[in-house]
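Okay, so here's the structure we're looking at.
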Amino acid sequence: MTLYDIIFYLFALVTISSAYLVVTVRNIVYSAFSLLFTLFGIAGLYALLGADFVAIVQLIVYVGGILILMIFGVMLTNKITNVQIKTGVFQILPATIGVGIFGGFLLAVLLNTNWLNLNVKDSPATTFQLGQLLMNEWVLPFELLGIVLLIALLGAASIARK
Amino acid sequence: MLEQYLPVFIVLGIAIVFGVATVLSSIIFGPQRPTTEKLSTYESGMKPVGTTKERVSIKYYLIAMLFIIFDLEVIFVYPWAVQFKKLFHEFGISVFISMFIFLVIFEIGYLYVYKKGGFKWD
């Protein structure tokens with residue numbers, strides 16, 4: 001077991017345990033905060049896979065942006081914290097059949113896939129390559145992206161202010 | 001590859017250790033003689049009113065919504081900015097111009113929101 005493996009299992013543990021808390025905790029505010037650690041753990045896994053830019057995007061957009069919106073959504077809603085969320089076990093038989101079929105399907109895919117055997121442990125940083133591509137080959141889509149973001153901003157502004 | 005992330009892990013480690021150590025050390029080493037006055041939210045001030053689960057204003061949400069779009073814009077500046085010198089050597093002034101156009105397109109939206117009063121707090 002190398003250092004790489006230890007760090008991977010550490011991030012996987014953070015992701016899975018906090019994801020478990022997201023669905024089982026009864027207080028929705030705690031649930032939203034657990035989601036923070038889930039998203040953070042996923043960012044760590046991206047970084048370990050050699051996708052450093054995706055990891056940064058995950059941190060900035062999901063942890064820094066989307067999660068804030070979710071927590072505000074919780075805090076804006078009246079008496080949402082007093083609602084009893086059902087986390088008990090019910091409908092066991094249909095659930096077992098459904099999860100069994102879906103789990104079997106996932107397992108079949110897992111076993112039959114030819115996993116791409118990349119050596120991610122010594123892959124170079126991708127951010128510079130991305131910058132090169134954005135400035136050279138994909139410069140027109142890049143400018144179009146500016147227009148797409150502009151439209152999103154105009155839409156948000158007109159919703160915010162009638 | 002892991003060597004590149006060593007500074008990140010060091011910062012992460014220091015942050016976690018510092019946060020846990022300061023809280024724990026004040027629990028362990030600080031003298032604790034609690035009274036009802038000391039345990040109240042404000043020891044000398046107004047009595048707290050209502051619960052902590054108050055609704056916040058919708059204005060926060062609107063600002064957060066605008067923030068995410070600016071956040072997305074910054075994401076695309078990031079791969080350009082971290083290696084600007086290398087990109088400049090490779091492609092010349094066009095690197096600067098294409099980013100300038102991108103930002104100008106976006107700033108039109110910024111001006112629109114500003115004129116519409118999207119950043120006003122009332």
field: Shape of chain A, Cα gyration tensor, a/c cut at 1.5
entry: oblate
task: Report the dimensions of chain B along its three principal axes from the alpha-carbon atoms, largest first, rounded to Å.
output: 69, 48, 19
- line: Where a ≥ b ≥ c are root eigenvalues of the Cα gyration tensor, a/c under 1.5 meaning rounded, otherwise prolate if a/b exceeds b/c and oblate otherwise, the stretch B:58-115 counts as oblate
- request: Could you tell me the largest-minus-smallest coordinate of the C-alpha atoms of the stretch B:1-71 on each of the three principal axes, in descending order and whole angstroms?
  value: 55, 43, 16
Cα extents of the stretch A:120-162 along the three principal axes, largest first (Å): 52, 24, 10
- request: For peptide B:108-119, compute the average count of partner chain beta-carbon atoms within 10 Å of each residue's beta-carbon.
  value: 4
task: Could you calculate the FRET efficiency of A:I92 with A:R26 from 1/(1 + (r/R0)^6), where r is the beta carbon distance between them and R0 is 25 Å, rounded to 0.05?
output: 0.75
Using alpha carbons only: equivalent-ellipsoid semi-axes of the stretch A:1-86, gyration tensor based, whole Å: 28, 16, 5
query: Projected onto the charge dipole of the protein assembly as shown (+1 at Lys/Arg Cβ, -1 at Asp/Glu Cβ, origin at the Cα centre), which of A:Q132, A:T2, A:V61 gives the Cα projection farthest towards the positive end?
result: A:V61
query: Which value in nm describes the separation of the simple spin-label points at A:A12 and A:L49, placed 7 Å from the Cα toward the beta carbon?
result: 1.4
field: Shape parameters for the protein assembly as shown, alpha-carbon atoms, Rg then Dmax in Å
entry: 24.2, 70
- request: With r as the distance between the Cβ atoms of B:F67 and B:I97 and R0 = 35 Å, compute the FRET efficiency 1/(1 + (r/R0)^6) and round to 0.05.
  value: 0.80
- prompt: By count of other Cβ within 10 Å, fewest leading, how are A:S17, B:S44, B:S25 ordered?
  reply: B:S44, B:S25, A:S17
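Values in this text are rule-based calculations from the coordinates and carry no lab data. Fair warning: this is a prediction, and the values are worked out from it, not measured in the lab. As a convention, Cβ positions derive from the backbone with ideal geometry for all residues, glycine included, and neighbour counts pool all protein chains shown.
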